[in-house]
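This report concerns only the one structure given below.
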Amino acid sequence: HNIDVMHLEKNVSENILGTLLGVPKKGKDGLQARADLESLNIRKSLQRIREGNRTYIPPAIFFTTNEEKILFCKVLSNVRVPDGYSANIARCVDMKEKKILGLKSHDHHVIMQHLLPLAIRRVFPRPLVLVLLELSAIFRQLCSKKKHASSINQLKYRVAIVLCMMEKMFPPSFFTISIHLIIHLADEVAVAGPVHYRWMYPIER
């Protein structure tokens, strides 16, 4: 049995992009997610606020205004990559709806490891940026061609820390099974060797 890292990256990337851009159904924040905070009795500052017949949700650290969403999407819409490196990611960015659609697993792989760090730097608060930069660096190290026992042990520690930091910032609904599976990737590398020998879907060059 093998966890396919690229497919896992796709699921993680979809979670992150949907939540950061507030995409309905793709994002993991909303009234129901805030209701989970109430039922768990945690993060009272982010729980729902009721005023008469209306219910509001306080902005979380990953909340973005329309202007910030446009800035985020503009970075990806201006990306130009070498032929064969990935699909034309710029065509998948809908500037009007502020969404990113039609990406395949390898495109999410490229975004997660190389483009997301560029897109978030000027948009989000520093604590969130640092956590997402570390997550991106972890995936890059997992997919590197050379592995050492000491670096794998260190990687296991880094994965645990970054997931704990994400739990402080994102709602419980963000943590699907794909997010939890990240904790097993370093052990899998130690047992089965480099990730690029175990891709489920071969990449044509």
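The values are calculated or read from the model by the stated rules, or taken from the named source; none is laboratory data. Note that this is a predicted model, so its numbers are computed, not measured. With ideal geometry, Cβ positions are generated from the backbone for all residues, glycine too; neighbour counts draw on all protein chains shown. Areas reflect the complete protein model, heavy atoms only, side chains present, ligands, DNA and RNA absent. Shrake-Rupley method; radii C 1.70, N 1.55, O 1.52, S 1.80 Å.
For residue 63, state whether it is open to solvent by less than 50 Å² (accessible area, probe 1.4 Å), of a type outside the set (D, E, K, R) and not in a strand (DSSP E or B). It is false that residue 63 is open to solvent by less than 50 Å² (accessible area, probe 1.4 Å), of a type outside the set (D, E, K, R) and not in a strand (DSSP E or B). Of all the criteria given as (1) buried (at least 17 other Cβ atoms within 10 Å of the Cβ); (2) part of a helix (DSSP H, G or I); (3) within 20 Å of the chain's Cα centre (by Cα), the one not satisfied by residue 37 is (3).
How many residues does segment 1-21 contain that are out of contact with any strand residue (DSSP E or B) (no Cβ under 7 Å at 6 or more places or on another chain), outside any loop (DSSP other than H, G, I, E, B) and hydrophobic (A, V, I, L, M, F, W, C)? Before the answer, list the steps.
Taking segment 1-21 first, the residues out of contact with any strand residue (DSSP E or B) (no Cβ under 7 Å at 6 or more places or on another chain) are 1-16, 18-20.
Filter again for outside any loop (DSSP other than H, G, I, E, B), leaving 5-16, 18-20.
Filter once more, keeping what is hydrophobic (A, V, I, L, M, F, W, C): 5-6, 8, 12, 16, 20.
Selection size over segment 1-21: 6.
Residues that are surrounded by 14 or more Cβ atoms within 10 Å (Cβ to Cβ), out of contact with any Lys or Arg (no Cβ under 6 Å at 6 or more places or on another chain) and touching a residue at least 40 places away in the same chain (Cβ under 8 Å) do not occur anywhere in segment 158-165. May I ask you to verify whether residue 79 is outside any helix (DSSP H, G or I), open to solvent by less than 20 Å² (accessible area, probe 1.4 Å) and out of contact with any Gly (no Cβ under 9 Å at 6 or more places or on another chain)? No: the conditions fail for residue 79. With respect to the stated conditions, residue 24 is outside any helix (DSSP H, G or I) and either open to solvent by 50 Å² or more (accessible area, probe 1.4 Å) or at pLDDT below 90 (or both).
In segment 171-180, the count of residues that are more than 30 Å from residue 35 (Cβ to Cβ), crowded, with 17+ Cβ neighbours inside 10 Å and either modelled with pLDDT under 95 or of a type in the set (Asp, Glu) (or both) is zero.
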